[in-house]
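Here is the structure we will look at, set down as structure tokens.
Nothing in this text is a laboratory measurement; each read-out follows from the coordinates by a stated rule. On a predicted model such as this, the values are computed, not experimentally measured, just so you know.
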Ligand code: ZN
């Protein structure tokens, strides 16, 4: 029941943004979604909230190009698999690699008409702000600007925080804020400012609360 509310909450946010009631939204929903595949749950995820929202924006609100940026410390296998053969959804992920769930090599770039619309930027254990900010500045932001989406969806996981025991990545609360600022900058240029973040992982409650608030 809670998982249905989480997925539905994302759709309600899509409706609000597309009606112009807000330009930015943060969906404080759990369980997270990005590991859930079409037909099975995985990694704490029951339904893929962000993938469902991306398709909903296309079918119910007529958007043609949606970008998903996934900065959770784990690769969003379910989201990638949902759209890897689909050029109408760009999926970009940065994550600790190799790590759970095992997918997310830089060699995974999509297939068929979706080839080139999946971008994986894996990070080695021990990486921190320097490596991540370089990835955002040199790879992720230019890719988004080139794609020109009509909305940016964020899989906002905070398990890459240095105080989160689930990863070996050393990000700070302020670094997540910098990610947000860069994506808002892209959104100002191409998607009428529209950005929706979906809460994914994050297991140190203080780091999670602080990062959600500041992002
Ligand atoms: Zn995670």
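Determine the shape class of the chain: with a ≥ b ≥ c the square roots of the Cα gyration tensor eigenvalues, call it rounded for a/c under 1.5, and otherwise prolate if a/b is greater than b/c, oblate otherwise.
rounded
For region 1-78 and region 138-189, compute the distance between their C-alpha centroids and round to whole Å.
One Cα centre to the other: 16 Å.
Determine the shape class of region 81-139: with a ≥ b ≥ c the square roots of the Cα gyration tensor eigenvalues, call it rounded for a/c under 1.5, and otherwise prolate if a/b is greater than b/c, oblate otherwise.
Oblate is the answer for region 81-139, as a/c is 1.5 or above yet b/c matches or exceeds a/b.
With equal scatterers on the alpha carbons only and no solvent term, can you work out the Debye log10 of I(q)/I(0) for region 45-130 at 0.14, 0.16, 0.24 1/Å?
So the normalised log intensities are -0.47, -0.60, -1.16.
Find the eigenvalues of the gyration tensor of the Cα atoms of region 64-106, then list the square roots of 5 times those eigenvalues as equivalent ellipsoid semi-axes, largest first, in whole angstrom.
Working from the Cα gyration tensor, I get semi-axes of 19, 10, 7 Å.
Average the reciprocal distances over every distinct pair of alpha-carbons in region 1-48, invert the result, and give the Kirkwood radius in Å.
11.3 Å
Would region 122-198 count as rounded, prolate or oblate if I go by the C-alpha gyration tensor, calling it rounded below 1.5 in a/c and otherwise prolate when a/b exceeds b/c, oblate otherwise?
Since a/c reaches 1.5 and a/b is larger than b/c, the shape of region 122-198 is classed as prolate.
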